[in-house]
Amino acid sequence: QVQLVESGGGLVQPGGSLRLSCAASGSGFGIYNMGWYRQAPGKQRELVAGITSSGRTNYADSVEGRFTVSRDNAKNTVYLEMNNLKPEDTAVYYCNTVRFGIQVWGQGTQVTVSS
């Protein structure tokens, strides 16, 4: 059973940066696609960025050019580097993967962008 644990959230001013981490337990991390999602109050959870097992990435239009997703398979960890943060980036950020057809989610980490 894989478990995902996010860290790195916090309060940051507009224009600032944060780096989120997601550590995965278990084996076989390198063969699975990983994703970062976020959910703001009153809104649906949305895909922010994804990275395949081969390192191919994709981003939501709203974060393209500001966010970068990466992975370190030796550390079983996926990262989300967030730059030029805006108030509308405020949300709980979740790490995600799919194992044997089942969605696996972390507990989430809060990101608040405010002056």
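The values are calculated or read from the model by the stated rules, or taken from the named source; none is laboratory data. The shown structure was predicted, so the numbers you read here are calculated from the model rather than taken from an experiment. Glycine gets a Cβ as well: all are built from the backbone with ideal geometry, and neighbour counts include every protein chain shown.
What to note about this one:
- Of all residues in the range 77-109 being at pLDDT 95 or above and either part of a loop (DSSP other than H, G, I, E, B) or in contact with a His (Cβ under 9 Å, 6 or more places away or on another chain) (or both), the one that is surrounded by the most Cβ atoms within 10 Å (Cβ to Cβ): Leu85
- Test set (1) within 22 Å of Ala91 (Cβ to Cβ); (2) free of Cβ contacts under 8 Å to residues at least 12 places away in the same chain - Arg56 fails condition number: (1)
- Scan of the range 14-45 for residues that are among the charged types (D, E, K, R) and under 11 Å from the mean Cα position of the chain (by Cα), ordered by number: Arg19, Arg38
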